[in-house]
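One structure is given here, and the rest of the page talks about it.
Please treat every number below as a calculation from the coordinates, not as lab data. This structure is a prediction, so every number in the text was calculated from the model and none was measured. In this analysis, Cβ positions are derived from the backbone assuming ideal geometry, glycine residues included, and neighbour counts consider all displayed protein chains.
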Amino acid sequence: MSRFLLVVPPLAGHIHPTVGLARELTARGHQVAWTGSEAVLRPLLGPDATVLPTGSRIFRAQSGHGLGALRTLWEGFIVPYARFTAKALDRVVTEYRPDVLLVDQHTPAGALTAHRHGLSWASLAPGAMEIGRPFRALPKVESWMTDQLTALWLRAGLPPREYLDPRFSPELVLALTAPALTGAEPFPEQYALVGPILTERPADPSFPWERLDPARRRVLLTMGTLAADVSADFHARAVRALALLGDHVQAVIAAPTQSLPLAELPSDAVAVERAPVLELMSRGLLDAVVCHGGMNTVGEALSHSIPLVVAPIRHDQPFVAAQVQAAGAGLRVPFARVTPPGLAAALRAVLAGPGDGLGDGLGDGFRDGPCDGPAEGPDYRAAAARVGAGLRSGGGAPVAADRLEALAGRAR
């Protein structure tokens, strides 16, 4: 039996995949604990989970687009959170005495703590931005990020000559994707691309299941929990796009009420603050997903053979959107510029099966609004099924647990 400590940021999208992994490790007889903000972790993990708290505080809200958003993420959240949790993590490791730490790439303090205590640690790469080093072509950006991490290393009192990038464990990097999305690019030996780790979530009895129309195609619109500040205008355009699809489609919208144009919602639209996304997918109740390109949403949709229309906002989302389109499993549209007719045309394309007529007239729709993709022809549903099979072949939680067990064995 080994002890594993999961070091995660206070972000639901980063915590959810660790739940399935923890269940797999626990079923094999290991002890598992999380460390981080108990105020965020406890509602997501339940009363029985072992949570070793580091304290909670409010950090600067994420904002902006492109490289500006990346700077905000690091300067407004990742670096301050690492400084805030450093002493608490040192205490947690001393008291819990884990064999292996699994450290989310957005919590570099976990890697620094493991190095200080001479413990084995694995990196968890929940997104696409830090897997294939996409900033190699932008040396100034790569240099700036290295400066941020080096400053954290020195602030932790670690010897400069021992520096290593805390985003990438030299022993194991678990990435929640697979070559079906990343392409044929080779990765170092310690990388394990295990695909999405899907975990059942508590049922939502308040969701109006009875309003779903089985005779129509259903489209989920979800732009994530951290984009409410910039999504209102996109939501308005998306609602108009869904209305343009007429009786063919029923919309399921997961968004804060204040970000929706309530007067324009189709009468049959199902709009809720939060939707039981995985249950909708697993029950075969969704035919397409419109999203921002978060790795969790994309991985979950493709694992259930559901094609996507992706409107990336920031961080790793443009990389994920590009991967989805390159794989033929969906289309990328520009978040800030796509028009309702353009978005409607993209939806017709991903919903259309060969010869069913739903995609008729796509050309005009694509010309009316920017969309990165062909106007007609591809079978996106078939491609989504193919990519989904490739993601599932990564092995998910069992393969990730195998690799962590092997790391723990070497550590002992």
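Points worth noting:
- Contact order for the chain, expressed relative to its length and based on alpha carbon pairs under 8 Å spaced 6+ residues apart, stands at 16 percent.
- Amide H within-cut-off set for L193, under 5 Å, with H built and near neighbours excluded: A175
- Coupling constants for the range 31-45 follow from the phi torsions by the Karplus curve (6.51 cos²θ - 1.76 cosθ + 1.60, θ = phi - 60°), and in residue order they are 9, 10, 9, 9, 9, x, 7, 5, 4, 8, 5, 4, x, 7, 9 Hz; glycine and proline get x.
- Counted by Cβ distance under 14 Å from H304, the other residues give a net charge of +1, where Lys and Arg count +1 and Asp and Glu count -1.
- Residue order for K87, K140, fewest other beta carbons within 10 angstrom first, comes to K140, K87.
- Net charge over other residues, Cβ less than 12 angstrom from the Cβ of R218 (K, R count +1; D, E count -1): +1
- The ranking of Y96, Y81 from fewest to most other beta carbons within 10 Å of each one's beta carbon is Y96, Y81.
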